[in-house]
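The structure appears below as structure tokens.
The values are calculated or read from the model by the stated rules, or taken from the named source; none is laboratory data. Everything quoted here is computed from the prediction, not taken from an experiment. For neighbour counting, all protein chains shown are included, and Cβ atoms are generated from backbone atoms with ideal geometry for every residue, glycine included. Keep in mind that these areas ignore ligands, DNA and RNA; they rest on the heavy atoms of the full protein, side chains included. Shrake-Rupley method; radii C 1.70, N 1.55, O 1.52, S 1.80 Å.
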Amino acid sequence: MRHHTHDLLAPVPGTARQIHSFHYGPENTGRKIYIQSSLHADELPGMLVSWYLKQRLAELEGAGRLLSEIVVVPVANPIGLEQVVMDIPLGRYELESGQNFNRQFVDLSQQVGDDIEARLNDDPQHNLELIRSSLRAALAAKVATTQLQSQRLTLQALACDADMVLDLHCDFEAVEHLYTTPEAWSLVEPLSRFIGAQASLLATDSGGQSFDECFTLLWWQLQQRFGERFAVPMGSFSVTVELRGQGDVNHALASRDCQALISFLMHFGAIAGEPMPLPELLYPATPLAAVEPVETPVGGLLVYCVQPGEYLEAGQLIAEIIDPINDRVTPIHTINPGLLYARSLRRMATAGMVIAHVAGTEAYRSGYLLSP
């Protein structure tokens, strides 16, 4: 195991933060897996899973079973991890800028495409190595002017040449689910089975240039630009894995999730050994554009009538909003049928607040598809 420390830009004198990356398995084989956790720093189930992964990967490395380099970043957001205001952790947005920690990663597809166009040919392996080299150089040339930019560039540089990128998150109250692209679904479906995902949500570009999509979009855009002239492979695929809710931090779940990831990596060929049989797929993959964000038109006490993991019919009652002053009770119904996979932790709703997400099957939204 190699432990590397990556210094972030200090915002003021006398302060310092670092990203720590742990590298297991053989180097310079052209095969690499990248796994990070808690990019939203108040989403901690993945951090415990990463701790378990470190122990397992060290054992597998000692046994000579790692066939790919596997990089683990257990604390992907030291900036947000320290943002505790009056005993409340605020790890989704940077307090200084208000920016979501998982948005606005740099888009280098145009720059990389311009750089490599004259050197592309009909050999997909040559083109893959050429694109990765250009991407690494482009990221290395970027100069951060804020600590947040420094953190984004550090994470992006660590993962940019990986075959697979796994970004471990969680929701507020939720069942297991994941986000990936339609193009990668055939590769990701075994992961959905192993982790027991109750929703698998697909979009090529959901907007916002999130961490996972900053890799897949680059390769997809290069394919769109050069695919009719040159053999451009899909050199990376990414998955955001949502490990239930914020309160689901315990040894039993983390140990199970760690084993699910190990089983998937064995199935993928990154770890030597006999792969486990694939479990059943609990729910078919559906378009992210088919997700219904359920909003409440009024504020008040939020009382749920259904649980995450329940399949809802169109028009089903999902919650009631109670005004304790005038005694008005406002029922909230779904519009479309689908699986309720996540809901808010808050129990005092404000007018216009999204209180839940339901995974439907028929796409009806477009444009920006993510939560703020």
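Charge tally around Gln111: other residues with Cβ under 13 Å, Lys/Arg +1 each, Asp/Glu -1 each, net -1. Along the axis of the charge dipole computed for the chain (Cβ charges of +1 for Lys and Arg, -1 for Asp and Glu, origin at the Cα centre), the listed residues Met1, Val249, Ala356 are led at the positive end by Met1. Distance between the 7 Å Cα→Cβ label points at Ser97 and Arg328: 4.0 nm.
Of the residues Arg65, Arg132, Arg328, the one that moves most in a GNM of the chain with alpha-carbon contacts below 10 Å is Arg328.
Shape annotation for segment 234-331: C-alpha extents along the principal axes are 64, 33, 25 Å, from largest to smallest.
Each residue of segment 176-182 was assigned a 3J(HN,Hα) from its phi angle through the Karplus expression (A = 6.51, B = -1.76, C = 1.60, θ = phi - 60°), giving 4, 7, 8, 10, 7, 9, x Hz with x at Gly and Pro.
Got a number for carbon plus sulfur as a percent of segment 222-372's accessible area, 1.4 Å probe? Write out the running numbers ahead of the final one.
Details: 4060 of 7160 Å².
Of the solvent-accessible surface of segment 222-372, carbon and sulfur hold 57 percent.
For Glu129, the accessible surface of its heavy atoms amounts to roughly 100 Å² (probe 1.4 Å, protein chains only, rounded to the nearest 10).
Applying 0.36 nm per residue to the separation of Ala363 and Val106 and subtracting their alpha-carbon distance, the gain on full extension is 89.7 nm. Each label point was placed 7 Å from the Cα along the Cα-to-Cβ direction; for Cys305 and Ser133 their separation is 6.3 nm. Here the Karplus relation 6.51 cos²θ - 1.76 cosθ + 1.60, evaluated at θ = phi - 60°, turns the backbone of segment 6-12 into coupling constants of 10, 6, 8, 4, 6, x, 9 Hz, with x for every Gly and Pro.
If you average the alpha carbon positions of segment 95-122 and of segment 56-94, how far apart do those two centres end up, in angstrom? Centre-to-centre (Cα) distance: 23 Å.
Where does the chain land on Rg(C-alpha)/(2.2 N^0.38 Å)? Could you put the intermediate results ahead of the total?
Working: Rg = 21.2 Å, N = 372, 2.2 N^0.38 = 20.9 Å.
That ratio works out to 1.02.
Principal axis analysis of the Cα atoms in segment 280-366 yields extents of 47, 28, 21 Å, listed in decreasing size. Note on Glu117 and Leu253: their simple-model spin labels are 4.9 nm apart, each label 7 Å out from Cα toward Cβ. Around the Cα centre of segment 275-350, unit charges on the Cβ atoms of Lys, Arg, Asp and Glu (plus for the first two, minus for the last two) sum to a dipole of about 220 debye. Across segment 325-348, the residues whose backbone nitrogen lies under 13 Å from the label position 7 Å along the beta-carbon direction of Ser371 are 341-347.
The simple Förster model, with R0 at 25 Å and r as the Cβ-Cβ distance, assigns Glu27 and Gln125 a FRET efficiency of 0.85.
Between Thr15 and Thr204, what FRET efficiency follows from the Cβ-Cβ distance if R0 is 35 Å, with the result rounded to 0.05?
Working: r = 39 Å, r/R0 = 1.11.
Here the calculated transfer efficiency is 0.35.
Working note: 222 nm ellipticity from helices only, DSSP H runs with n ≥ 4, each -39,500 (n - 2.57), summed and divided by the residues of the chain, gives -9000 deg cm²/dmol to the nearest 500. Hey, for a label at Ala351 modelled as a point 7 Å past Cα toward Cβ, could you say which residues of segment 261-304 have their backbone N under 12 Å away? It comes to 297-300, nothing else. When the Cα positions of Val112, Ile79, Gln99 are compared along the charge dipole of segment 1-159, Ile79 comes out farthest toward the positive end, with charges on each C-beta of Lys, Arg, Asp and Glu. Taking amide H as placed 1.01 Å from N in the peptide plane, the amide H of Glu242 sits under 5 Å from that of His169, His177, Leu178, Tyr179, each at least 5 places away or on another chain. Scaled to the globular estimate 2.2 N^0.38 Å, the Cα spread of segment 135-271, given as radius of gyration, is 1.13. Under 5 Å between amide hydrogens, which residues at least 5 positions from Gln209 or on another chain qualify, with H placed 1.01 Å from N in the peptide plane? Placed amide hydrogens put Gln104 under 5 Å from Gln209.
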